[in-house]
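Peer 1: Below: one structure in structure tokens.
The values are calculated or read from the model by the stated rules, or taken from the named source; none is laboratory data. Since this is a predicted model, take the numbers as computed values, not measurements. In this analysis, Cβ positions are derived from the backbone assuming ideal geometry, glycine residues included, and neighbour counts consider all displayed protein chains.
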Amino acid sequence: MGGLPTVAEAFQQAGVTAILYDPRSVGTSGGQPRNDIDPFQQIQDYSDAVTFMRTLPSVDSHQIGLWGLSLSASVALSTAAFDKRAKFVIAACPVTEYRYDKAKMERLLQLCFKDRKASATLCFLSTIYWSVCCLLNLPTTLQP
């Protein structure tokens, strides 16, 4: 086992109550559209988790902290700035700055569009191939 469950287990073994959750619209959490990463909503989700943790009898409501990795670390830091109930933050590799070269971004987007167009063409051609094979009763392992 690796990843976040391992981190939560390490916290538990150290006597720290930990809660794991997926922010709305990602992982096992509900929400639409799927995989919509919205740091402002995630700040609210962190705050909601703090509210929930404060209801647990095993939790000292005056010693609640936040932990996050990468973008979640930045969300945890931002949450603590707004929600004073969080008394500390462990921020592992937070995203603190985002910049990009406009020319590089335009080239990258053009490559993405080209790749998407090629994938769509390949999918269309495989569908035609599969349909013709089915109509002519020819064997095929290719599925559209």
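Peer 1: Name the pairs: first residue in region 53-71 and outside the structural domain of A18 (by TED's automatic domain parsing) and within 22 Å of A81 (Cβ to Cβ), second residue among the basic types (K, R) and part of a loop (DSSP other than H, G, I, E, B), Cβ to Cβ under 8 Å, at least 6 apart or on different chains?
Peer 2: From region 53-71, no pairs qualify.
Peer 1: Which of the residues that make up region 22-48 are without any contact (Cβ under 8 Å) to a residue 24 or more places away in the chain, polar (S, T, N, Q) and within 15 Å of L77 (Cα to Cα)?
Peer 2: Correct list: Q41, Q44.
Peer 1: Here's a follow-up. Limited to region 27-53, what total is found for residues that are exposed (fewer than 14 other Cβ atoms within 10 Å of the Cβ) and either hydrophobic (A, V, I, L, M, F, W, C) or touching a strand residue (DSSP E or B) at 6+ places or on another chain (Cβ under 7 Å) (or both)?
Peer 2: Residues meeting the conditions: 3.
Peer 1: Got a number for residues in region 45-73 being outside any helix (DSSP H, G or I), of a type in the set (S, T, Y) and more than 20 Å from the chain's Cα centre (by Cα)?
Peer 2: First, pick out the residues of region 45-73 that are outside any helix (DSSP H, G or I): 54-70.
Okay, now just the ones that are also of a type in the set (S, T, Y), so 55, 58, 61, 70.
Still in the list and also more than 20 Å from the chain's Cα centre (by Cα): 55, 58, 61.
So the answer is 3.
Peer 1: Tell me, yes or no, whether region 74-96 has at least one residue that is closer than 18 Å to A8 by Cα, out of contact with any helix residue (DSSP H, G or I) (no Cβ under 7 Å at 6 or more places or on another chain) and assigned to a helix (DSSP H, G or I).
Peer 2: So far as region 74-96 goes, no, none of its residues is closer than 18 Å to A8 by Cα, out of contact with any helix residue (DSSP H, G or I) (no Cβ under 7 Å at 6 or more places or on another chain) and assigned to a helix (DSSP H, G or I).
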